[in-house]
Every structure is written in C-alpha cells, then in structure tokens.
Amino acid sequence: MNGVWIKRIVVILFVLGLLATTAVSAFVAGLASGIFSKAEKVTLSEEVIAGEEEQDKIGILRLEGLIVSSGPGTPIPTGQGLITANQVKRWMREIARDGNLKALVIEINSPGGSPVASDEIYKAITTLRRTGRSVVVVMEDMGTSGAYFIASAADTIIANPATLTGSIGVLAEITNAQELLAKLGIDIEIYKSGKYKDLSSFARGRTEEEKAIIQEYVDTAFDLFITRVAEGRGMEKERVRALAEGQIYSGKKAKELGLIDKLGSVEDGVAEAKSLQGLTDVKIVRYRTESPLDVLLGRVAVMLDPLSPLMRYLSAPGIRVSYLPSF
C-alpha cells in the first residue's frame, strides 16, 4: 500500500470519527432535552448571602459560556458552557417581578457568540433597567465580543485588570473542503432553486459576488454592535468604531479607553449597585439556575461528550457568523 492511500485512509477515518462524535453529541443532547422538557422548567432559586428578609434586595446572577439563541429548553448546556438567550430573558422577567429587588449584579465569563442572542440579552437588560433597577456587570476572566456587547447595556461595567475584553467586531466563517473532497475522489452534486441557494456549501469556494453578499451581512451585524455599544456607553459611534478593529484589551486598558468604568470584583459590583440605588443595609442573594437533576445530567453529558460544543461548532455546515474573538 503506497503513501497516498495511507493518507487517504487516515483522512477518511478522521472524517468518520468527526461524524460519529457529532452523532453521539446529538443523541446525548436530544435525550437530555426530552428528559428535561418533561421534568420541569427551571426557575431561579435564591441563596441568601447577607441581610434580612425585609430589606431591599440586590441579586447576583452568573452567566458563563458561549452565547446562543436557544438550547434544549433547560440549563443543561450551562454545564457545557452555553448562555441561552431564551433562558436569560425568562430569568430577567422573573427577576423584574420581584418588588424587593433594587439592583442586579451580573457576573459574565464568556468569549461571546451569536449576534442575535447577544442583542436579545442586551435588550432584556435594558428592559430591566427601565423598571428603575440598576444593573452592574462584573467581567471575570473573559468578557469579549458578544459578552462585551451584553455588558454595554449595564449602568456600570467592572472588570479585573487582567480580564480579557474588547474584541468588538464580527467574524464569519465558511468551511471550504473542496480540495479535500477532490483528494478523496468525492464529487458532490448540487441541485438548487436559486442562484445563491448553495452560497454556504462546503464543497466549493465563494465567487466575488457571493463574498460581497456575506460581507454586507457582516457589516450590518457590525453596525448593530457599534450602535449598541455607543448607546449603552454614551459614546459617539465613531469613537467606538475607532476601538473596534477586533482588538483584545486588558481590563486595565479598557478602563483607560472608557470601555469599562471601574476595576474590581463582584464585591465591588455589589457596592456599586448599592451606591447607584442609594442603599445602605440590603439583602444580598445569589441566584441559582440549576436544580440537582440539571447538575447530574449536565455532568453525565459532559463525561460522555466533553468536546460536544466545540465539535458541534466545527462540524456545523454552512456559514457561521458570530461575535467571537479570532484566537
């Protein structure tokens, strides 16, 4: 057997392994989704950190992972690193119904994600603020791209000096496997109803006209990003645009540039929330978003398929557009 055939066999085995991993991921996610959807809709529970029952309340909510529009209707993806916009919006509505809540501190640790999901969460935060509550975002290890988009909706943004933030921009990717398919001797036939229907096909490259169409969408999503940050931060759009070449900033540098307000931790976030509302003695609660069943099944899913979020992303067909950094 010559070297060419050995290489072909290795490539085929790799592709089959990728498909098998994706299939396992889909099975696990589907099974978990069915169990959870019938079991319960998860509501927020509260862990009291300090204060008395009759006092005004400050809540702490943690958001961690890749930002997506929706999951299987349950928080099982949280264990796999996903923030689902549908779930966050429901939590925000639930929080808004609490008459004792005066401010919300949101801990964010996320690289970003879906442009649509980021905008939906942004609007959910601004809706909560319109009820008279204050919102403080505290960014932890990472608050880049779509996560910064979300953070800019808050009254105040706080970060650690070493936090990775910024990366304001849009990334679009399409897998082009044309040369690989040719080496394997695979020819994919495409029958379509319109000129651009196979624009995102992985079996070929893009024409210049198609590249222009994709770039137009990227520019639209980018302008939305710039607009939201400018609105949330009270900055001129051109000032935001000048900082929006996709750069990653440290928390320290972001403060110098006016992208965040203060350096600190979640404790500083609580102090800021108290100051914004003119409060002294408060009840502080941390919202819990997972039931014991969620945690159990989430851990099982991770053990069975630890790379599932990454594999689903890498193996997804078509165009992938995101508010994500490029590293």
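Each reported figure results from applying straightforward, stated rules to the coordinates on display, with no laboratory input. Keep in mind it's a predicted model, so treat the numbers as computed, not measured. Glycine gets a Cβ as well: all are built from the backbone with ideal geometry, and neighbour counts include every protein chain shown.
Going from the residue with the fewest nearby Cβ atoms within 10 Å to the one with the most, 140, 272, 256 rank 256, 140, 272. Working from label points 7 Å from Cα in the Cα-to-Cβ sense, the residue 186 to residue 236 distance is 5.3 nm. Using a simple spin-label model with pseudo-atoms 7 Å out from Cα toward Cβ, residue 193 and residue 86 lie 2.5 nm apart.
The modelled label-to-label distance between residue 218 and residue 277, using points 7 Å beyond Cα along the C-beta direction, is 4.3 nm. Close Lys pairs in segment 192-291 (alpha-carbon distance under 14 Å; sequence gap of 8 or more, or different chains): 5.
Which ordering of 84, 227 is given by a fewest-first count of other beta-carbon atoms within 10 Å? Spell out each step's value before the answer.
Values: 84 27, 227 12.
Listing 84, 227 from fewest to most nearby Cβ atoms yields 227, 84.
Per-residue Cβ neighbour counts within 10 Å put 122, 191 in the sequence 191, 122, beginning with the fewest.
Extension gain for the segment residue 176 to residue 265, taken as residue separation times 0.36 nm less the Cα-Cα distance, is 27.7 nm to one decimal. Counting 0.36 nm for each residue step from residue 256 to residue 53 and taking away their Cα separation leaves a gain of 69.1 nm.
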